[in-house]
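Novice: Here it is: the structure, laid out below.
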Amino acid sequence: MSKFKKEGKKSTPGVNTSSLPDIVFMLLFFFMVATTSKENDPTVQVEQPTGTRAMDLTPFKQRSEVDFLYLGKPRNPARAEAFKMGYALSLDNVVQPTPDGLYNTNAVGQWKKDKFDQKPARMTSPIELVITCVKADKGAPTGLIFDIRKELQNINALTIAYAVRDNSNI
């Protein structure tokens, strides 16, 4: 007789899943850190003009010091007919209505003041230093861009950037 007895067939041991939550949370944190959120999809179509020696605003965006203003053709065809000139101003995904189909830049100053007031005081620079980035279509009327700049100057929002696609070879 043998000293050791076989008591039937033993099944294989189960898989140890005790480290599974750690792995899942490591993956979750990795994707949270590695991904970037998409900018708001504007309600207007903007084909940016090209420029040279453009400066990257990413460090400023991460500190919430950039407000975006869009000027382009409305994506909604029903809205496009309401604008005689074919271009619309979009502030926080709200297309600014105009009664006569012409441009109304008066809302830009109030929009900028509201955006500035909503930011926490600890994160906010003076309004002169908060960047207003104008993303205008390459065919947008220059006079409208000048009117937007004048409205921003009236409320002392003096740091203005114009978005372009960088075409330099540097």
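Nothing in this text is a laboratory measurement; each read-out follows from the coordinates by a stated rule. Since we're looking at a predicted model, the values are computed, not measured. Backbone-built Cβ (ideal geometry, glycine too); neighbour counts: all protein chains shown.
Novice: By count of other Cβ within 10 Å, fewest leading, how are E7, E65, E47 ordered?
Specialist: In increasing order of surrounding Cβ atoms, one gets E7, E47, E65.
Novice: For Q118 and T12 in the same chain, what is the full-extension length gain: residue separation times 0.36 nm, less their Cα-Cα distance, in nm?
Specialist: 32.1 nm
Novice: Full-extension gain between A34 and Y162, please, as 0.36 nm times their residue separation minus the C-alpha to C-alpha distance.
Specialist: My answer for the length gained is 43.3 nm.
Novice: Run the quick spin-label model on L129 and K3: label points 7 Å from Cα toward the beta carbon, then report their separation in nm to one decimal.
Specialist: 8.2 nm
Novice: Per-residue HN-Hα couplings for the stretch 139-151, Karplus 6.51 cos²θ - 1.76 cosθ + 1.60 at θ = phi - 60°, whole Hz, x for Gly and Pro?
Specialist: x, 5, x, 5, x, 5, 5, 5, 5, 4, 4, 5, 4
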